[in-house]
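Remarks on the structure that follows.
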Amino acid sequence: MENRTGLALRILFVGIGATLFMDIWAVAADSLFGIPQSNFSVVGRWMGHMLDGQFTHESIRRAAPIAGESAIGWTAHYIIGVIFVAAFVMIFGTRQLQKPSLILTILFGVAMIVFPFFVMQPALGAGIMASNRPNPDFARLKSLMTHFSFGLGMYVAFWIQTKVFKPVETPVSSAS
């Protein structure tokens, strides 16, 4: 079986790759359809305030700015992508590193929508499933598209890593 460092590097590669794919998707959606990109400065602001013990906000946009909030937000965005990929590999196994499943990666990406819907959006003041936003259905659809693109990006990044890294060694089964 592959060593832990090799596995961690693959997960890091796929997590960054999937998140980058999602960001490129967002730029394309903005350019082609005028769908605004996410502002990760608010994520950095939220995290900065968490360090001071404040998890929820009436409106994160009205909360006091945090030094370096944009860098904090973008870094958190990519770390979260890596964590999601690590969770995916823990749930579905290292076989995904050899032969990724398009259906599983997309379904997993879409399933991760529970975090913005039920954790981030309420904590930032947008309400559960963006219910406090001026156009909640648009916000929900944007979240769905974003997480779909992350799942698709996972598949693409898993596929690319099969070409970049040596093949994963599989354990020999002792069962007959």
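The values are calculated or read from the model by the stated rules, or taken from the named source; none is laboratory data. Small disclaimer: the values here were computed from a predicted structure and weren't measured. All Cβ positions, even for glycine, are placed from backbone atoms using ideal geometry, and neighbour counts span all protein chains on display.
One table, with the values for the structure above:
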read-out	value
Identity of the residue in region 17-60, touching a residue at least 40 places away in the same chain (Cβ under 8 Å), among the hydrophobic types (A, V, I, L, M, F, W, C) and part of a loop (DSSP other than H, G, I, E, B), that ends up farthest from residue 86 (Cα to Cα)	35
Failed item, numbered, when residue 64 is tested on (1) assigned to a helix (DSSP H, G or I); (2) exposed (fewer than 15 other Cβ atoms within 10 Å of the Cβ)	(1)
Condition broken by residue 89, with the remaining ones in (1) within 26 Å of residue 37 (Cα to Cα); (2) part of a helix (DSSP H, G or I); (3) not acidic (Asp, Glu) satisfied	(1)
Residue selected from region 123-161 under the condition without any contact (Cβ under 8 Å) to a residue 60 or more places away in the chain, surrounded by fewer than 19 Cβ atoms within 10 Å (Cβ to Cβ) and under 14 Å from the mean Cα position of the chain (by Cα), by the criterion nearest to residue 45 (Cα to Cα)	144
Cross-chain or 6+ apart pairs with Cβ under 6 Å, region 104-122 first and in contact (Cβ under 8 Å) with a residue 60 or more places away in the chain and more than 13 Å from residue 149 (Cβ to Cβ), then part of a helix (DSSP H, G or I) and not small (Gly, Ala, Ser)	122/128
Given (1) under 27 Å from residue 9 (Cα atoms); (2) at pLDDT below 95; (3) not acidic (Asp, Glu), number of the condition residue 151 does not satisfy	(2)
Lone unmet requirement of (1) surrounded by 12 or more Cβ atoms within 10 Å (Cβ to Cβ); (2) more than 18 Å from residue 116 (Cα to Cα) for residue 54	(2)
Residue within region 109-123 that is in contact with a helix residue (DSSP H, G or I) (Cβ under 8 Å, 6 or more places away or on another chain), in a helix (DSSP H, G or I) and more than 28 Å from residue 33 (Cα to Cα) present	yes
Count of region 1-36 residues which are closer than 20 Å to residue 143 by Cα, of a type outside the set (Ser, Thr, Tyr) and either surrounded by 15 or more Cβ atoms within 10 Å (Cβ to Cβ) or in contact with a Pro (Cβ under 9 Å, 6 or more places away or on another chain) (or both)	13
Failed item, numbered, when residue 52 is tested on (1) farther than 22 Å from residue 156 by Cα; (2) at pLDDT 95 or above	(2)
Subset tally (residues that are β-branched (Val, Ile, Thr) and free of Cβ contacts under 8 Å to residues at least 12 places away in the same chain) for region 92-103	1
